[in-house]
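A short write-up of the structure that comes next.
The values are calculated or read from the model by the stated rules, or taken from the named source; none is laboratory data. All figures in this text were calculated on a predicted structure; none of them were measured in a lab. Cβ placement follows ideal geometry from the backbone for every residue including glycine, while neighbour counts extend to all protein chains displayed. For accessibility, only protein heavy atoms count, side chains too; no ligands or nucleic acids. Shrake-Rupley method; radii C 1.70, N 1.55, O 1.52, S 1.80 Å.
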Amino acid sequence: EIQAVGFKIFYHHPVYDHSGKVWNYLLNCEGLHVVHLRRENLLRALVSMKIAEKTDVWKIMKDKNEPVDKKIELGIQECLDSFRQTRQWENDANRKFANNPLMELSYEELTSDFQTQLQRIQEFLGVEPIDMRPLSVKQNPEMLQELIVNYEDLKNYFVGSEWEMFFEEG
């Protein structure tokens, strides 16, 4: 009955094993289909990670919602390093898996139209479509200026840069 098996792995995983064995295994796994899920807004990804590190809340299920202090401060260099590193990881992943069936999908596409994107994923994987619903919810739906205490300073710094678009919400 099982038509496909999958899992989520972040670019920097596994955290405690730097041998590369997991990535080597995946790169040599015959028939591997890759759904490359990425964030369009890398600032949101950084904010999400920083809030999770601060609160130690890594996912929120639909039936649980405990209030936490989410406000964070980010440094300019921290943002630059994160944006550049993530872009490098994205490009490396696409290059490494170029010989595999590869579907690119953004988190924003997935969360804005879950059912359509889920259907696309199931078609890509060649499995019989089934209806599914997410069990978790967005952890940080607030506007970025509500989450980042020095938002205006960062926004002003990145005006005119290739990263400016991450500050355009609304």
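Observations, loosely collected:
- None of LYS59, LYS138 is open to solvent by 40 Å² or more (accessible area, probe 1.4 Å), more than 23 Å from GLU164 (Cβ to Cβ), in contact with a helix residue (DSSP H, G or I) (Cβ under 7 Å, 6 or more places away or on another chain) and touching a residue at least 24 places away in the same chain (Cβ under 8 Å) except LYS138.
- Given (1) surrounded by 12 or more Cβ atoms within 10 Å (Cβ to Cβ); (2) in a loop (DSSP other than H, G, I, E, B), number of the condition HIS18 does not satisfy: (1)
- Count of the range 118-135 residues, restricted to those that are closer than 19 Å to LYS59 by Cβ and either open to solvent by less than 90 Å² (accessible area, probe 1.4 Å) or in contact with an Asp or Glu (Cβ under 7 Å, 6 or more places away or on another chain) (or both), is 3.
- Subset tally (residues that are polar (S, T, N, Q), open to solvent by less than 60 Å² (accessible area, probe 1.4 Å) and over 15 Å from the mean Cα position of the chain (by Cα)) for the range 95-116: 1
- Residues located in the range 62-75, provided they are hydrophobic (A, V, I, L, M, F, W, C) and either under 13 Å from the mean Cα position of the chain (by Cα) or open to solvent by less than 60 Å² (accessible area, probe 1.4 Å) (or both): ILE72, LEU74
- Selection count, the range 28-56, where residues are open to solvent by less than 60 Å² (accessible area, probe 1.4 Å), part of a helix (DSSP H, G or I) and either out of contact with any Phe, Trp or Tyr (no Cβ under 9 Å at 6 or more places or on another chain) or closer than 29 Å to ALA4 by Cα (or both): 6
- Against the numbered list (1) among the hydrophobic types (A, V, I, L, M, F, W, C); (2) open to solvent by less than 70 Å² (accessible area, probe 1.4 Å); (3) within 15 Å of the chain's Cα centre (by Cα), TRP89 comes up short only at (2).
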